[in-house]
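Visitor: Sharing a structure here in structure tokens format.
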Amino acid sequence: MDLRQMRYFLTVAEEGHFGRAAQRLNIVQPALSMQIKSLEEEIGGSLFLRTSRKVELTEAGRLFRREAGLAVAQAERAKTLVQRSLRGETGRVRIGFAGNAVFTGKLLADMRTFSAAYPQVELELREMGPQLQGQAIMAGEIDVGYCPEMGFDVDDQLSAERVGDWPMMIAMASDHPLAAQPFLTTGMIAAEPLVVYATEGAADAGQLAQLRQALGAEPNISHRVSSTLSVLILAAAGQGLAMVPATFEQVPLPGLLYKPLHDFNLRANMTILQRKQESTGAVLAWLALSRLDLVF
């Protein structure tokens, strides 16, 4: 038996008449009678008592009506839930993020927009470094990753899409000798100790090469840390200057100042890592909305 036969049976039971049931189902009466007869043969007994005027349920028919009603309702519920999931209306999106994704405001803006559009979808956050995000997506531990664009290679099954671009500023201790300056230049900071965000392998070498070219000198790196908040804390403690996206200015820390950086051609970029062959409805909905609010 199948769900169609169950629906036919339930309609006949509700109407108490094959002709009216056939009209309601938009099929011819002989076809309906054949389906009910096939169902009875499979079950091994009569479901209806037939007269010239009406049909009534047998005891077996009353039992089958209850169970068939539950089965059809459950099937409809399953179909509805799956359709909602495919449309991205239910489910879960697991998001990996580096600290700068929060301080730039991009991740928070995307979360607000998505939650307003898809309130039934659960959002799960995990803070992790850029390269770990790619590994976690491949392992099925997260669905998307927010990280700075640092030049590291990603797996062929992943793609990295730029979603934000900001000028750089200098974060420094409020009692730093350069704190009185209205703005800074590369010449003013070239010899200063720098606190930088550390990466690994070739990506780290590429980042240092870009910094060397932008400063026109070998960078004087005092600290290399993998936490965005640690970068700001060390700068506030006078351990060095930190180059950060201009949006970090909205992140106040005691003893920390932000200064515009002129004649500096490096910019802070934000990318979203994702699977190329993504098929989960909620994740696809997240990615679509994240592209509506690009920051360039």
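Visitor: How many residues are modelled with pLDDT of 95 or more and either part of a strand (DSSP E or B) or touching a Phe, Trp or Tyr at 6+ places or on another chain (Cβ under 8 Å) (or both) if we restrict to segment 247-259?
Guide: 4
Visitor: Give the number of residues within segment 191-246 that are among the hydroxyl-bearing types (Ser, Thr, Tyr), modelled with pLDDT of 90 or more and closer than 27 Å to Arg126 by Cα.
Guide: The initial filter retains those residues of segment 191-246 that are among the hydroxyl-bearing types (Ser, Thr, Tyr), namely 197, 199, 222, 226-228, 230.
In the following step, the residues that additionally are modelled with pLDDT of 90 or more were identified as 222, 230.
Now drop any that are not closer than 27 Å to Arg126 by Cα, which leaves 230.
Going through segment 191-246 one residue at a time, the tally reaches 1.
Visitor: Just the residues that are of a type in the set (Ser, Thr, Tyr) and within 30 Å of Ile272 (Cα to Cα), please, taken from segment 53-111.
Guide: Ser85, Thr90, Thr104
Visitor: Any chance segment 166-173 includes a residue that's farther than 28 Å from Ala236 by Cβ, buried (at least 17 other Cβ atoms within 10 Å of the Cβ) and either modelled with pLDDT of 95 or more or not hydroxyl-bearing (Ser, Thr, Tyr) (or both)?
Guide: Filtering segment 166-173 down to residues farther than 28 Å from Ala236 by Cβ leaves none.
No, that holds for no residue.
Visitor: Kindly indicate which of Phe248, Phe264 is surrounded by 15 or more Cβ atoms within 10 Å (Cβ to Cβ), more than 20 Å from Gly105 (Cα to Cα) and among the aromatic types (Phe, Trp, Tyr).
Guide: Sole residue among the options that is surrounded by 15 or more Cβ atoms within 10 Å (Cβ to Cβ), more than 20 Å from Gly105 (Cα to Cα) and among the aromatic types (Phe, Trp, Tyr): Phe264.
Visitor: Being modelled with pLDDT of 90 or more and assigned to a loop (DSSP other than H, G, I, E, B) is the filter here, so list the residues in segment 263-279 that pass it.
Guide: Lys276, Gln277, Glu278 - these are the residues of segment 263-279 that are modelled with pLDDT of 90 or more and assigned to a loop (DSSP other than H, G, I, E, B).
Visitor: Of the conditions (1) closer than 15 Å to Val72 by Cβ; (2) within 46 Å of the chain's Cα centre (by Cα), Asn26 fails just one. Which one is it?
Guide: Here Asn26 meets the rest and fails (1).
Visitor: In segment 27-47, is there at least one residue being crowded, with 18+ Cβ neighbours inside 10 Å and among the polar types (S, T, N, Q)?
Guide: Checked against the condition, which is being crowded, with 18+ Cβ neighbours inside 10 Å and among the polar types (S, T, N, Q), segment 27-47 yields at least one hit.
Visitor: With segment 1-117 as the region, which helices (runs of 4 or more DSSP H) entirely inside it contain at least 3 residues that are in contact with a strand residue (DSSP E or B) (Cβ under 9 Å, 6 or more places away or on another chain) and at pLDDT below 90?
Guide: Correct list: 99-103.
The values are calculated or read from the model by the stated rules, or taken from the named source; none is laboratory data. All figures in this text were calculated on a predicted structure; none of them were measured in a lab. Glycine also receives a Cβ, built like all others from the backbone with ideal geometry; neighbour counts cover every protein chain displayed.
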